[in-house]
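A.B. asks: Structure in structure tokens, see below.
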Amino acid sequence: MRNGLRKTGTVARVAVLESIRRKDPYVVLILGAAMVLGAGLFSHFGVEGLEKFVKDVGLTVTTVFSIVICVVAAARQLPAEIENRTLYPSLGKPISRTGFYLGKYVGVGLMSSAVVVAFFLLLRILLLVFGISVGGVFYQALYLRVLSMWFVAAGVLCLSLFVTHSANVTISLLACMGMQIVAHSILYVHDELTGVSLRLAEAVYWVAPHLELFDLSKKVIHGWPPVPWWALAGMTLYAVVYAGLFFTVGCARFRRMPL
Amino acid sequence: MRRLGWLAGAAGLLLAALLAHGMAPQFQVDSRYKPGEYQAAKESVALSLLGQLRMSVSDLMWLKTLEYLHNGIIYRMPSEQERAEGIDAEEFTGMGAGVAHHDGPSLIPGEDRDWRGILGELDRNIEPWRAGHPQHSDPQELIPWYQVLVKFNPHYVHAYTNGAFFMSDFAQQPEMGRDFLLAGAEKNPWSFEIESMLGRIYFDYFKEYENAAAALAKAVELAKDERRALAQREEEFDDLQRQVLCEAYLFLARSQTELGRLDEAIAVCDEGMKALPDCNLLRVQRRIAIKRLTGGEG
């Protein structure tokens, strides 16, 4: 058991190192520098009272690019191993396919979480420099964003075993960015629907993974108080259930896959 | 035979030139753009793309205005079912024509109307949501927003007029509003909306009726130009433009009345009523001017 965990940890470490070798995390630094430059431009304009705007830009950049990095990293893990034939020597060693899959998942999750933490740290420093205060909801937003990385990584890794790499990246990015639009559209039209269309809309709402519920950006931007602890616990449970579901489906597929 | 060939060739070239002239995009050069700017826009892909980007950013910023005003809460228009139950949208007009809007119920339903159970409860706690009537944040918070918006797009006329209104009214800084509009007028010399708002600020906050009359008279003339240009393209003023023009005529007539130029005030009312028959306040102003004229003034 302990030996198996160590091997899984090694796979995870290799996945993280591979991302570093591909210079993914450096994107964080470049984007962070762009954010600082952008905020510097506003101070150059001499306009005061743009606290909400600076927070809005910072959190939007953080959300979009952390999702992009997570999706891209998760989508290439298994197809790249299969395509480069590096999967075979790995599985030749005494490690189960489940252990290998878990290692890949943990690697992507850790790397994406580190990226989110780096983004938030950079944003916090930037806000401190500009004298913009943030309440406890900022740290809650960080927690939910990290949680969402594990949720997204599980989904994308699972999907990478069913569709091609490019299709996976496209579908995953569209789903991540468009989930809020779908959810809001259903809320907009719900009262006007009847019969089958109403049942269908409600079913879609219940089944679809709601990534937008991990986004506390608006509360941070508009200075709302922190959310109650039970809501964070609820979202943690939601992420665990969905990530577990994606992981189980993906792992089952990987174990049965002819290599 | 050879001469005939030359003639045919020349005729062909002439025809090609005529066709090319007819088929080339015809740009209408008016006071807004210099011929050089048209040429540059026509030839430079980069300039065209950057122009589109600027428009998109400023439009996005304008859309964000209401989100900021509502502290992030999204409101929607009531559904048919809600209307039948007596739930209606509230009208908010006291914050400048450009941000006048209707707020219905919030997009995220309250507990009593939510069909989503625990997901709805989580949503109400994660996204900005508040029970009861729509509330607005302090409109002064939008002033820097408008200042940045015009940095991105100095031709965003509504940002100048609304920003100036917020500066003068909510922030009680009419000097700031006037300077903001003067900067806007310099960058948009064709805009009757900016001149009209400038005239109103001179009238309402500075009581400088001579300056107000000059700005409002200019607004009326610019509006006529704009209306003529639209008519050539078989288009008309929208409701907001009609309202601004109505106010320009009205405050011009009021300025002339304050200056004791009652004949001119009546003439402005007549012209305004002819241009905008549904601008009823001009009839009232005309009666005031006539009363003062027959009472021995002017």
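The values are calculated or read from the model by the stated rules, or taken from the named source; none is laboratory data. Nothing here was measured: the structure is a model prediction, and the numbers come from that model. Note that each Cβ is placed from the backbone with ideal geometry, even for glycine, and that neighbours are counted across all protein chains shown. Ligands, DNA and RNA are stripped out before the accessible areas are found, and what is left, the full protein with its side chains, is counted by its heavy atoms. Shrake-Rupley method; radii C 1.70, N 1.55, O 1.52, S 1.80 Å.
A.B. asks: Looking only at segment B:59-68, which residues are within 15 Å of residue B:107 (Cβ to Cβ) and either part of a loop (DSSP other than H, G, I, E, B) or within 11 Å of chain A (Cβ to nearest Cβ) (or both)?
C.D. replies: The one that is within 15 Å of residue B:107 (Cβ to Cβ) and either part of a loop (DSSP other than H, G, I, E, B) or within 11 Å of chain A (Cβ to nearest Cβ) (or both): B:67.
A.B. asks: Which of the residues spanning segment B:255-298 are under 22 Å from the mean Cα position of the chain (by Cα) and farther than 19 Å from residue B:224 by Cβ?
C.D. replies: B:280, B:281
A.B. asks: Shifting gears a bit: Could you name every one of the helices (runs of 4 or more DSSP H) located completely within segment B:117-233 that has at least 1 residues being away from every other protein chain (no Cβ under 14 Å) and open to solvent by less than 10 Å² (accessible area, probe 1.4 Å)?
C.D. replies: Result: B:157-168, B:174-187, B:192-201, B:209-232.
A.B. asks: Oh, and also: Can you tell me which residue is farthest from residue A:67 (Cα to Cα) among those in segment A:96-115 that are crowded, with 19+ Cβ neighbours inside 10 Å and in contact with a Pro (Cβ under 8 Å, 6 or more places away or on another chain)?
C.D. replies: My answer is A:111.
A.B. asks: Going by what's in this entry, would residue A:183 be described as at pLDDT 95 or above, assigned to a helix (DSSP H, G or I) and buried (at least 17 other Cβ atoms within 10 Å of the Cβ)?
C.D. replies: For residue A:183, the condition - at pLDDT 95 or above, assigned to a helix (DSSP H, G or I) and buried (at least 17 other Cβ atoms within 10 Å of the Cβ) - is not met.
A.B. asks: Sticking with this one: Could you list, in sequence order, all residues of segment A:222-259 that are more than 20 Å from the chain's Cα centre (by Cα) and in a helix (DSSP H, G or I)?
C.D. replies: Pass one, segment A:222-259, residues more than 20 Å from the chain's Cα centre (by Cα): A:222-230, A:252-259.
Correct list: A:229, A:230, A:252, A:253, A:254, A:255, A:256.
A.B. asks: For segment A:211-226, check the following and say yes or no: at least one residue is of a type in the set (Asp, Glu), surrounded by fewer than 16 Cβ atoms within 10 Å (Cβ to Cβ) and either under 27 Å from residue B:80 (Cβ atoms) or touching a residue at least 40 places away in the same chain (Cβ under 8 Å) (or both).
C.D. replies: The answer is no; no qualifying residue exists.
A.B. asks: Moving to a separate point now. Within segment B:236-289, count every residue that is open to solvent by less than 60 Å² (accessible area, probe 1.4 Å) and β-branched (Val, Ile, Thr).
C.D. replies: 4
A.B. asks: Residue A:171 versus (1) out of contact with any Leu (no Cβ under 6 Å at 6 or more places or on another chain); (2) within 10 Å of chain B (Cβ to nearest Cβ); (3) without any contact (Cβ under 8 Å) to a residue 24 or more places away in the chain: which is the lone unmet condition?
C.D. replies: (2) is the only condition that residue A:171 fails.
A.B. asks: Please go through (1) open to solvent by less than 40 Å² (accessible area, probe 1.4 Å); (2) within 19 Å of residue A:154 (Cα to Cα) for residue A:58 and return the number of the only condition it doesn't satisfy.
C.D. replies: Every condition holds for residue A:58 apart from (2).
Residues are listed down the side, and each one gets a yes or a no for (1) open to solvent by 20 Å² or more (accessible area, probe 1.4 Å); (2) modelled with pLDDT of 95 or more; (3) farther than 25 Å from residue A:18 by Cβ; (4) away from every other protein chain (no Cβ under 12 Å):
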{"position": "A:121", "(1), (2), (3), (4)": "yes, no, no, yes"}
{"position": "A:133", "(1), (2), (3), (4)": "yes, no, yes, yes"}
{"position": "A:140", "(1), (2), (3), (4)": "yes, yes, yes, no"}
{"position": "A:144", "(1), (2), (3), (4)": "no, yes, yes, no"}
{"position": "A:153", "(1), (2), (3), (4)": "no, yes, no, yes"}
{"position": "A:162", "(1), (2), (3), (4)": "yes, no, no, yes"}
{"position": "A:188", "(1), (2), (3), (4)": "yes, no, yes, no"}
{"position": "A:202", "(1), (2), (3), (4)": "yes, no, yes, no"}
{"position": "A:209", "(1), (2), (3), (4)": "yes, no, yes, no"}
